1. In this structure, does residue 255 turn out to be touching a residue at least 24 places away in the same chain (Cβ under 8 Å) and on the phi < 0 side of the Ramachandran plot?
2. Need the failing condition index for residue 142 against (1) in contact with a Gly (Cβ under 7 Å, 6 or more places away or on another chain); (2) modelled with pLDDT of 95 or more, just the number.
3. Quickly run through the stretch 105-119 and pick out the residues that are in a helix (DSSP H, G or I) and either aliphatic (A, V, I, L, M) or surrounded by fewer than 24 Cβ atoms within 10 Å (Cβ to Cβ) (or both).
4. Exactly one of (1) in contact with a Ser or Thr (Cβ under 6 Å, 6 or more places away or on another chain); (2) surrounded by fewer than 21 Cβ atoms within 10 Å (Cβ to Cβ) is unmet by residue 90. Its number?
5. Here are the criteria: (1) of a type in the set (A, V, I, L, M); (2) surrounded by fewer than 22 Cβ atoms within 10 Å (Cβ to Cβ); (3) more than 13 Å from the ligand (Cβ to nearest atom). Tell me which single one residue 132 does not satisfy.
6. Do we have any residue at all in the stretch 168-180 that's closer than 22 Å to residue 13 by Cα, open to solvent by less than 10 Å² (accessible area, probe 1.4 Å) and of a type outside the set (Phe, Trp, Tyr)?
7. If residue 200 satisfies every condition in (1) open to solvent by 30 Å² or more (accessible area, probe 1.4 Å); (2) in contact (Cβ under 8 Å) with a residue 12 or more places away in the chain; (3) among the hydrophobic types (A, V, I, L, M, F, W, C) but one, which is the exception?
8. Pick from the stretch 203-228 the residues that are away from the ligand (no atom under 15 Å from the Cβ) and open to solvent by less than 80 Å² (accessible area, probe 1.4 Å): which of them is modelled with the highest pLDDT?
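The values are calculated or read from the model by the stated rules, or taken from the named source; none is laboratory data. Small disclaimer: the values here were computed from a predicted structure and weren't measured. Positions of Cβ are backbone-derived with ideal geometry, glycine not excepted, and every protein chain shown enters the neighbour counts. SASA here: full protein model, heavy atoms, side chains in, ligands and nucleic acids out. Shrake-Rupley method; radii C 1.70, N 1.55, O 1.52, S 1.80 Å.
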Amino acid sequence: MPDLGGKVAIVTGAASGIGKTTAETLARHGAAVVVAGHSENGAEEVAAEIRAQGGTAIGVGVEVTDEEQVKAMIGAAVTAYGGLDCLHNNAAATKMHRDSDVVNVATEVWDETMAVNLRGPFFGCKYAIPEMLKRGGGAIVNTSSAAGLKAERIRVSYGVSKAALHGLTRHVANAYGKQNVRCNAIALGMILTEAAERNVEPKMLAYLEEHNALARLGKTADVAEVVAFLFSDAASFITGEVIAVDGGFTSHLPALVD
Ligand SMILES: NC(=O)c1ccc[n+]([C@@H]2O[C@H](COP(=O)([O-])OP(=O)(O)OC[C@H]3O[C@@H](n4cnc5c(N)ncnc54)[C@H](O)[C@@H]3O)[C@@H](O)[C@H]2O)c1
């Protein structure tokens, strides 16, 4: 089990899905966790559950596209726990029914997606790193997607925002690596969150599963444990990487599967 004892971690988008499981997992591995949700109530609910299980957590509300609110989120970690070691930039615009191809997508959908998926992690890195430097280093994990590694015919805003996140990841790794700040991205395949089970048609889930190398789709815990490892000292020589956590989804030539 990765040991995160003594570390302070922030997880954005942590009131639901992958972020929620990650916040719970980091706390179970010993971290003090700032559960950052889009709504303060949702975040506090998750933090209260963590505390009820014996973990250490507070909940804060944050709109990740708002610079002052991201600053306040980082400040909340410092006020509550004395500093910051780990940041998981997990929040993203995940309701993608309006995203489309480059010709047909509405410009405001492109702008909104870029704001949440890229401007948000940019602010996170911008204000987390100075706090990490005060503690001699830290670790950042940016959540990306298979759609950032490979192109799709649809979801241009989402895919391009995640591909750009890989650039931010490598920039941070190189600009602050000498000062012991590590930064990695995880590129996820289909992960069965409650929302995904509710919103994605069973036929589509079966199709995605068939195209994984493994015989199943992902669970939120599959992702959370990788984040915990990347935050731990066991991963202290890993930085600037985009690590696929996708059951082998991007490991093959899709046309040949069929
Ligand atoms: N579930 C999957 O199959 C899958 C696949 C690839 C990548 N991902 C990525 O995993 C991450 C988590 O997604 P999820 O599947 O758990 O979905 P989710 O919708 O449950 O999580 C996204 C979270 O981000 C928050 N959020 C959205 N806009 C925000 C904003 N402007 N400010 C603050 N918070 C905001 C939402 O409230 C939500 O809690 C995302 O980065 C997503 O792109 C998920």
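1. Numbers: touching a residue at least 24 places away in the same chain (Cβ under 8 Å): no; on the phi < 0 side of the Ramachandran plot: yes.
Criteria not met by residue 255.
2. Answer for residue 142: the failing condition is (1).
3. Step one: list which residues in the stretch 105-119 are in a helix (DSSP H, G or I), which gives 107-119.
107, 108, 109, 110, 111, 112, 114, 115, 116, 118, 119, listed by residue number.
4. (2)
5. Among (1) of a type in the set (A, V, I, L, M); (2) surrounded by fewer than 22 Cβ atoms within 10 Å (Cβ to Cβ); (3) more than 13 Å from the ligand (Cβ to nearest atom), residue 132 violates only (2).
6. yes
7. Looking at each condition in turn, residue 200 falls short on (2).
8. Step one: list which residues in the stretch 203-228 are away from the ligand (no atom under 15 Å from the Cβ), which gives 203, 210, 213, 215, 228.
Filter again for open to solvent by less than 80 Å² (accessible area, probe 1.4 Å), leaving 213, 228.
Values: 213: 94, 228: 98.
Out of the qualifying residues, it is 228.
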